[in-house]
Structures are given as structure tokens and as C-alpha cells.
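Visitor: Got a structure for you, written out below as C-alpha cells; questions coming shortly.
The values are calculated or read from the model by the stated rules, or taken from the named source; none is laboratory data. Please read all numbers here as calculations on a predicted model, not as lab measurements. Heads up, the Cβs are rebuilt from the backbone with ideal geometry, glycines too, and the neighbour counts pull from every protein chain shown. Please note that ligands, DNA and RNA were not included when accessible areas were found on the heavy atoms of the full protein model with its side chains. Shrake-Rupley method; radii C 1.70, N 1.55, O 1.52, S 1.80 Å.
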Amino acid sequence: MNTEQKIELSLKALIEKVDAFSSFFSQNLDFQYMIYPHWTAKDVLGHITFWHESFAKNLKDLADGVKPHPLKGKLSEVNQMSVDTTKNVSVESLIMRIQKAQKTIEKHITNTSIESIPYKKGSRNYSRLEHLQIVEEHIKRHLKDLMKNKKTISL
């Protein structure tokens with residue numbers, strides 16, 4: 001299997017993960033339930049949406065021939081920013097935003113002129129395949145934690 005075929009497979013896996021993640025938040029659940037010591041279920045949605053939009057923006061910039069501006073700061077600071085900047089956004093809006101970012105990723109990730117994608121200032125760039133795999137795994141990990149708590153957060 002060549003790299004482009006692997007990218008197609010990884011993209012398909014990411015689409016499925018984003019759909020499952022979005023579906024989780026389409027249920028009638030208590031999204032104010034604490035999943036982690038300092039994050040509610042809704043905070044997790046904001047966190048994932050924030051990072052997905054960053055990935056989509058960097059990818060689109062590269063496809064458009066524009067210099068990308070990846071996120072800056074320590075990972076812990078950027079993660080806190082991901083929650084702080086989405087705290088007052090509705091679940092419905094966040095779902096729409098992550099789906100819009102996903103469409104941007106789908107449109108540009110197969111662009112073979114893009115060799116590497118920045119992740120965060122101070123971090124190395126990733127190939128298209130690596131980035132897809134990392135993002136899919138990140139969403140998968142958080143979705144697993146949400147699913148573990150699903151019975152508890154049911155209304």
C-alpha cells in the first residue's frame with residue numbers, strides 16, 4: 001500500500017471518528033459532567049474543536065500557498081486556551097465548527113504538494129499521514145473517556 005492509499009484509509013478513519021464524536025454530543029446528556037479533574041464533557045468538545053480548527057487552518061493555508069501560523073505556547077497553555085476560548089460557545093455551534101473543519105481537512109489532505117503540516121510552534125511538523133493518525137488517535141482517546149462516563153452523564 002502506498003502513502004496516498006494510507007492517507008485515504010486514515011482519512012476514512014478520521015471521518016468515522018469525527019462523526020462518532022459529533023454524534024456523542026448530539027445526545028441528550030449532561031455535558032457539564034466532569035470527565036477530567038478540570039474539564040467537563042463540553043470542555044472536551046471545545047478542546048477537540050479548537051485543535052481540529054487549527055489543523056484545518058494550517059492545512060488550508062498550505063494548500064492556498066499562505067504561510068501557516070500554528071498555535072504558540074506550551075502544550076498545557078494551548079490546551080487551556082482551547083477550553084477557555086470555547087467555554088461560552090454552545091454545543092450545537094461547536095459541533096458545526098468541528099464538522100466544518102473536518103470538511104476543510106477532507107478537501108486539502110490529499111493535496112500531494114503539501115509535504116508537512118505544522119502542529120504547534122516549537123514542535124516538529126508532521127507529514128499528512130502522521131497528522132491524520134495523530135488527530136484520529138487524539139479524538140479516539142477523548143471519545144473513549146466520554147463513553148466510559150456515558151451512563152453517569154445521562155439526564
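Visitor: Are there any trypsin sites (Lys or Arg not before Pro) in segment 74-155 that are in a DSSP loop and have at most 12 other Cβ atoms within 10 Å? List them by number.
Guide: Lys74, Lys87, Lys121, Arg124
Visitor: Now for a different question. Taking the Cα centre of segment 42-155 as origin, work out the dipole magnitude from +1 charges on Lys and Arg Cβ and -1 charges on Asp and Glu Cβ, in debye rounded to 20.
Guide: Magnitude of the dipole: close to 220 debye.
Visitor: Also, I was wondering about something else. What are the aspartates and glutamates whose alpha-carbon lies under 15 Å from the alpha-carbon of Lys67, with same-chain residues fewer than 8 places away excluded?
Guide: Answer for Lys67, where 15 Å is the Cα cut-off: Glu115, listed by chain and number.
Visitor: Something else now. Along the charge dipole of segment 1-117, Cβ charges K/R +1 and D/E -1, which of Trp51, Gln32, Phe21 sits furthest on the positive end?
Guide: Checking the options against the dipole of segment 1-117, the answer is Trp51.
Visitor: Same structure, new question: Can you flag which of Lys121/Lys148; Lys74/Lys151; Lys12/Lys144 are past 28 Å Cα-Cα?
Guide: Lys121/Lys148; Lys74/Lys151
Visitor: Considering only protein heavy atoms, what per residue accessible area in square angstrom results for segment 9-65 with a 1.4 angstrom probe? Could you put the intermediate results ahead of the total?
Guide: Details: 2390 Å² over 57 residues.
Heavy-atom SASA per residue in segment 9-65 reads 42 Å².
Visitor: With only alpha-carbon atoms counted, please give the Rg and Dmax of segment 48-155, in Å.
Guide: Cα only, segment 48-155: 14.8, 48 Å (Rg, Dmax).
Visitor: Under the rule of at least 5 residues apart or a separate chain, name every residue whose amide H is placed under 5 Å from the amide H of Thr86.
Guide: Amide H neighbours of Thr86: none.
Visitor: Would you kindly state how much longer the chain becomes between Gln32 and Asp84 on full extension, computed as 0.36 nm times their sequence separation minus their alpha carbon distance, in nm to one decimal? Don't skip to the end; give the middle numbers.
Guide: Values: separation 52, 0.36 × 52 = 18.72 nm, distance 1.45 nm.
Gain in length upon complete extension: 17.3 nm.
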